[in-house]
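Working notes for the structure below.
The values are calculated or read from the model by the stated rules, or taken from the named source; none is laboratory data. These numbers come from a predicted model, not from an experiment. Counting neighbours? That spans all protein chains shown, and the Cβs are built from the backbone with ideal geometry, glycine included.
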Amino acid sequence: MLKPKQQHSNLGLEVVQELSATAKASLQTGIQRFSAQAAYSTQVQHDCLAIEEPLQLSLQWFCQRTNQYQQRPLSLTMRTPGNDVALVLGFLQSQNIIESLNDIDDIRFAQGAAAAQVEDYNHLEIQLNRQRQFDWAALERNFASYSSCGLCGASSVKALALNQQPELNMQEEWLAASLIYQLPSLLQEHQPLFKQSGAVHGVGVWADGKFLSVAEDIGRHNALDKALGQLLLESQQAACSVLVLSGRVSFELMQKALIANIPVVVAVGAPSSLALSVAKQFNITLIGFTKDSQFNVYHAPWRISKEGGSQHES
């Protein structure tokens with residue numbers, strides 16, 4: 001996982017973090033509900049919808065070649081507002097842009113486009129530390145290789161192997177099978193927005209008998225970035241940790257788990273073929289179709305203990 005920053009007192013980042021943490025994530029709307037058992041439609045006064053809004057990220061870094069700061073648009077994602085700082089940190093980690101909080105000088109809201117809008121709460125600007133080495137051309141190649149809409153394939157897995165030096169825990173039989181059955185329902189207990197709207201993905205990182213972080217978002221990648229970013233903000237690390245996903249497992253999610261050094265991935269849904277390739281390449285324990293009475297292990301079952309283990313429900 002990311003290394004914590006030794007002394008972090010950036011007031012700008014703290015203000016952004018506080019505002020984004022309290023952002024509105026859902027709204028109420030009136031609907032007409034029809035039922036095959038009812039002769040007429042029945043008006044329901046309120047239903048809950050998850051809010052979906054764009055988040056623009058811009059990156060500023062010091063170019064050693066030109067000896068001046070450069071700034072470019074980095075990413076545009078559709079997300080559920082809230083915990084945007086954690087989302088940004090998790091995303092920067094997954095793209096190898098940062099290794100620790102020391103690599104960031106500031107995260108701030110961009111200036112609003114309209115005169116009446118002082119700040120744009122859907123646009124964050126990230127300023128890297130002047131000493132952080134950064135190659136924009138390499139980043140663009142990385143985006144092309146890992147895009148879920150583009151060139152993913154065997155070459156991406158090979159590129160991941162070349163770019164990463166994971167430090168996964170290889171201890172055997174530390175994860176109790178009895179806990180794995182429970183993890184999806186335990187995650188749901190921490191998903192209030194899903195209970196309200198049914199429209200968001202959930203992600204949790206479990207270790208030492210509890211969830212170290214849990215996040216929800218309209219996008220599964222965003223939810224994972226938020227969960228991993230929260231670990232960084234709270235300086236939490238655990239070698240024997242489990243990533244719990246409310247849906248399926250894709251290549252990108254496995255990539256993020258690998259960079260965060262999480263050795264076990266448990267999903268409610270199925271893994272893709274590339275997700276399995278990553279698991280085999282790096283010996284990640286990959287578990288899918290997890291229910292309260294069964295689960296499928298696709299790779300590395302040796303971390304699982306039938307008798308019990310150091311990881312179980314507290």
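Structural remarks
- For GLU173, the stated conditions hold: it is on the phi > 0 side of the Ramachandran plot and at pLDDT 90 or above.
- Residue match in region 249-257 (condition: under 15 Å from the mean Cα position of the chain (by Cα) and assigned to a loop (DSSP other than H, G, I, E, B)): yes
- Exactly one residue among ALA215, ALA275, ALA223 is over 19 Å from TYR298 (Cβ atoms), among the aliphatic types (A, V, I, L, M), touching a helix residue (DSSP H, G or I) at 6+ places or on another chain (Cβ under 7 Å) and crowded, with 24+ Cβ neighbours inside 10 Å, and that residue is ALA215.
- Any hit, region 245-267, residues being in contact (Cβ under 8 Å) with a residue 60 or more places away in the chain, hydroxyl-bearing (Ser, Thr, Tyr) and either surrounded by 24 or more Cβ atoms within 10 Å (Cβ to Cβ) or in contact with a Leu (Cβ under 7 Å, 6 or more places away or on another chain) (or both): yes
- Search result, residues across region 262-309 that are part of a helix (DSSP H, G or I) and either out of contact with any strand residue (DSSP E or B) (no Cβ under 6 Å at 6 or more places or on another chain) or not aliphatic (A, V, I, L, M) (or both): SER273, LEU274, SER277, VAL278, LYS280, GLN281, PHE282, PRO301, TRP302, ARG303
- Inspection of region 201-220 identifies at least one residue that is part of a helix (DSSP H, G or I) and either closer than 30 Å to ILE107 by Cβ or small (Gly, Ala, Ser) (or both).
- Which numbered condition PHE211 fails, given (1) modelled with pLDDT of 85 or more; (2) closer than 21 Å to LEU92 by Cα; (3) of a type in the set (Phe, Trp, Tyr): (2)
Yes/no per residue for (1) crowded, with 16+ Cβ neighbours inside 10 Å; (2) modelled with pLDDT of 90 or more; (3) among the hydrophobic types (A, V, I, L, M, F, W, C); (4) over 22 Å from ARG79 (Cβ atoms):
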position	(1), (2), (3), (4)
GLU125	yes, yes, no, no
LEU128	yes, yes, yes, no
GLN131	no, yes, no, yes
LEU162	no, no, yes, yes
LEU179	yes, yes, yes, yes
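- Top-ranked residue in region 272-314 [being touching a Lys or Arg at 6+ places or on another chain (Cβ under 7 Å) and modelled with pLDDT of 95 or more; ranked as farthest from CYS240 (Cα to Cα)]: HIS299
- The sole residue among VAL268, VAL244 that is closer than 28 Å to PRO54 by Cα and touching a Ser or Thr at 6+ places or on another chain (Cβ under 6 Å) is VAL268.
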